[in-house]
Amino acid sequence: MQVEITPERKSARRKLIRAGAFITYEDNHLIGLSKRAGLLSQGGPKGVVSLPDVLDAYRREAEGKPGKAYIGIVHRLDRNTSGAMVVAKTSKAAGRLAKLFRDRAGELEKTYLAWVERHLEEPEGELVHRLRREGGVTRIAAPGDDDAREARLRYRMDGKGKFCARLEIRLETGLPHQIRAQLSHIGHPIWGDKKYGGTPWRRPALLAHTLVFPHPVGGDVITVMAPVPDDLKELDEGRNMRPPVQG
């Protein structure tokens, strides 16, 4: 059962939205939310506000907690990736959710939207590569690299913009920067993803759109969905864009 929206909770949620997080689901064990691009999803350098910081302030105000609130970060999004996240409010929920994200045993569904350069010849398909992480960058591994890890995703072209295509992506594995590296490798880097060869823009055009998972305590299926933010809607409409960088 979701929490009661008291005046204190309503006020605290308004402040949370201004800080970069919008709650879409909350009960006594977890919070489902949409994170804004630019907000760190876990603690970072001293003086930089992160999601745990703003959720701690939210819980203390909404629930009248005198001390620091429990905030269990069980997965993460890159700072400049927006979208759906789930955060635990109890250690019991945190342990079970962390195991779910780690094992990905068919009970967790993660869907992303990615705006990529140029239109794909194949409107849908599966990408399977072996990846290696080197110096903060994920690369396609050389043949015979026994330490590389297999990465799998399925994509479907969901729309076409002026210079880009919007893809719906279902992850079958969850390696760091997997989507960014695999799409770049097939010649369709994410718009704005300079690290992986994309045309410079304000940020990589990637949205963690939905999370579907069993509740860590009750077992009911929970869906957390993040709406498409205004900056990414511009890409659908072809506004404030220039042709992709060639080569």
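The values are calculated or read from the model by the stated rules, or taken from the named source; none is laboratory data. Note that the structure is predicted; figures quoted are calculated from it, not measured. We place every Cβ from the backbone using ideal geometry, glycine too, and count neighbours over all the protein chains shown. Just so you know, the surface numbers come from the protein's heavy atoms only, side chains and all, with ligands and any DNA or RNA stripped out. Shrake-Rupley method; radii C 1.70, N 1.55, O 1.52, S 1.80 Å.
Of the conditions (1) surrounded by 15 or more Cβ atoms within 10 Å (Cβ to Cβ); (2) under 28 Å from F101 (Cα atoms); (3) in contact (Cβ under 8 Å) with a residue 24 or more places away in the chain, L235 fails just one. Which one is it?
(2)
Working only within segment 47-62, note down all residues that are without any contact (Cβ under 8 Å) to a residue 24 or more places away in the chain and over 24 Å from L206 (Cβ atoms).
G47, D56, R60
Of all residues in segment 81-118, which are farther than 21 Å from F22 by Cβ, among the aliphatic types (A, V, I, L, M), without any contact (Cβ under 8 Å) to a residue 60 or more places away in the chain and not in a helix (DSSP H, G or I)?
Of everything in segment 81-118, just one residue is farther than 21 Å from F22 by Cβ, among the aliphatic types (A, V, I, L, M), without any contact (Cβ under 8 Å) to a residue 60 or more places away in the chain and not in a helix (DSSP H, G or I), namely A105.
Being out of contact with any Asp or Glu (no Cβ under 8 Å at 6 or more places or on another chain), open to solvent by less than 70 Å² (accessible area, probe 1.4 Å) and not in a loop (DSSP other than H, G, I, E, B), is that true of even one residue in segment 198-206?
Within segment 198-206, the subset out of contact with any Asp or Glu (no Cβ under 8 Å at 6 or more places or on another chain) is 200-201.
Okay, now just the ones that are also open to solvent by less than 70 Å² (accessible area, probe 1.4 Å), so 200-201.
Narrowing further to those that are not in a loop (DSSP other than H, G, I, E, B): none.
There is no residue in segment 198-206 that is out of contact with any Asp or Glu (no Cβ under 8 Å at 6 or more places or on another chain), open to solvent by less than 70 Å² (accessible area, probe 1.4 Å) and not in a loop (DSSP other than H, G, I, E, B).
Collect the residues in segment 57-82 that are small (G, A, S) and surrounded by fewer than 19 Cβ atoms within 10 Å (Cβ to Cβ), keeping them in residue-number order. Walk me through it before giving the result.
Of the residues in segment 57-82, the ones small (G, A, S) are 57, 62, 64, 67, 69, 72, 82.
Scanning segment 57-82 gives A57, G64, G67, A69.
In segment 140-159, what count of residues is obtained for those that are surrounded by fewer than 17 Cβ atoms within 10 Å (Cβ to Cβ) and either polar (S, T, N, Q) or assigned to a loop (DSSP other than H, G, I, E, B) (or both)?
Adding up the residues that qualify gives 6.
Which of the residues that make up segment 160-172 are open to solvent by 20 Å² or more (accessible area, probe 1.4 Å), modelled with pLDDT under 95 and either part of a loop (DSSP other than H, G, I, E, B) or farther than 18 Å from G198 by Cβ (or both)?
Across segment 160-172, the qualifying residues are K162, F163, L171, E172.
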